[in-house]
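So the structure is just underneath, and the comments pick up after that.
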Amino acid sequence: MILYSLCCEKEHGFDSWFRDSAAYEQQKAQGLVACPVCGSAEVEKALMAPALGSGTRKREPEPEPTAALPAEKTRPEKIALLSEREQALRAMIRAVREQVTQNSDYVGEEFATLARQMHEGEVEQRSIYGEASAEEVRSLIEDEIEVLPLPNLPDERN
């Protein structure tokens, strides 16, 4: 296992574990590595200090991290250890996602088309969520059509 410090295009920093560097590259190519703050898949490795042996010096014990997910929902190689603050942030993101998914219609890849049609008054307005390419989202924003990315957490994408 290898821990990478990662950074998204909006300069949000976060860490993630991978089986090896090839697993990171494969997951990144498939768009499975995303920022937990903004959901961006434009992620790069950040500069990291190498982990060196401590020699004879004694290390201060680090606070014991807690697992982000219940053990029954994870495979051992995919457990991420998160601080209480990170767990709280993820809980808020999950709550937002749940609120949107329970109170909106999933329209899949028709999201951009329907959002544009609702904005132009061609179809009745309603709450929707779905899939859109970066280019489609950019076009909607340029046309001042309000859209909001629905962030995915790493454990929801794997």
Could you list, in sequence order, all residues of segment 1-38 that are within 17 Å of Arg90 (Cα to Cα) and either in a helix (DSSP H, G or I) or among the β-branched types (Val, Ile, Thr) (or both)? Val33, Val37
What's the number of the condition His12 fails, among (1) at pLDDT 85 or above; (2) closer than 25 Å to Gln87 by Cβ; (3) more than 13 Å from the chain's Cα centre (by Cα)? (3)
Only one of Ser5, Ser21 is of a type in the set (Ser, Thr, Tyr), farther than 21 Å from Val96 by Cβ, in contact with a strand residue (DSSP E or B) (Cβ under 8 Å, 6 or more places away or on another chain) and surrounded by 12 or more Cβ atoms within 10 Å (Cβ to Cβ). Can you tell me which? Ser5
Single match in Arg116, Arg126 (criterion: in contact with an Asp or Glu (Cβ under 9 Å, 6 or more places away or on another chain), outside any helix (DSSP H, G or I) and modelled with pLDDT of 85 or more): Arg126
If we keep just the residues of segment 129-155 that are of a type in the set (Val, Ile, Thr) and in a helix (DSSP H, G or I), which is farthest from the chain's Cα centre (by Cα)? Ile141
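The values are calculated or read from the model by the stated rules, or taken from the named source; none is laboratory data. Bear in mind that the values here come from a model prediction, so they are computed numbers and not experimental data. Cβ coordinates were reconstructed from backbone atoms using ideal geometry, including for glycine residues, and neighbour counts include every protein chain displayed.
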